[in-house]
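Quick notes on the structure that follows.
The values are calculated or read from the model by the stated rules, or taken from the named source; none is laboratory data. These numbers were taken from a predicted model, which means no experiment stands behind them. Every residue, glycine as well, gets a Cβ built from its backbone with ideal geometry; the counts of neighbours run over all protein chains shown.
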Amino acid sequence: MNHLESLANPVINHATLVSVLGSYARPNDKISELIAKHQLVPLKRGLYLIADSQQPSLELIANHLHGPSYVSRHWALSYYGLLTEQVSVVTSMCIGRSRQSETARGSFHYQAIPASYYSVGIDSIQQDKIAFMMATPEKALADLLVSTRKLRIQSSSAMMNYLENDLRLDSDDLIKLDASCFYDFAKQGYKSNMLAYLGKALESLGDL
């Protein structure tokens, strides 16, 4: 599979794959052959993963499966070490509509949010030779709260109770977060009161 080894990104769409296999008279037949030999893994229609001995980045796959999107919520909080429970579904935020994708490499869930709120608190994470888009620790926590259905929090003390008792987050980890970020998120006009209470709750940790 030397014709694919030079590609930096292991996630490849059909048009690029056909271009790479341009020396073949029937590139689509070659694609079917590579799938049959388990050298290509179909992720969805027109999107493939180049199989190799290395563990593929689930975060990179998530970015490509549905976009624009960035990895967030439970998966990102676990990535940063804020959640201790094992997370089995790669969770992301997106623009458009919420959706779920089941692939040979795992389950991927996408939660839709307004474009103005989407645009803040995103980092490009470099991992080995690839990069993927993921929420900052602060945005991942904010995203988890704003995407939790029927969550009603009316004070900073109620917020702290939720963080520590429902989400089981450690106060030693929470105090490391930048409380000012949550006020910036609140300025985007999406569930602003909840995000402001989150900022106040984390500020209170610094006063202890």
Test for Ile50: is it surrounded by 15 or more Cβ atoms within 10 Å (Cβ to Cβ), more than 24 Å from Ser192 (Cα to Cα) and in contact with a Gly (Cβ under 9 Å, 6 or more places away or on another chain): no
Check whether at least one residue in region 127-135 is among the aliphatic types (A, V, I, L, M) and modelled with pLDDT under 95, and report yes or no. yes
Do we have any residue at all in region 19-40 that's among the charged types (D, E, K, R) and surrounded by 13 or more Cβ atoms within 10 Å (Cβ to Cβ)? yes
Name the single residue, out of those in region 17-63 being among the basic types (Lys, Arg) and under 26 Å from the mean Cα position of the chain (by Cα), that is nearest to Asp128 (Cα to Cα). Lys44
Qualifying positions in region 163-191 - surrounded by 16 or more Cβ atoms within 10 Å (Cβ to Cβ) and polar (S, T, N, Q): Gln188
Pairs returned, first residue in region 10-35 that is modelled with pLDDT under 90, second residue that is surrounded by 14 or more Cβ atoms within 10 Å (Cβ to Cβ) and among the basic types (Lys, Arg), beta-carbon separation under 8 angstrom, 6 or more apart or interchain, are Leu21/Lys30; Tyr24/Lys30
Counted residues in region 176-208 being of a type outside the set (Ser, Thr, Tyr), under 23 Å from the mean Cα position of the chain (by Cα) and either assigned to a loop (DSSP other than H, G, I, E, B) or not assigned by TED's automatic domain parsing to the domain that holds Val146 (or both) come to 7
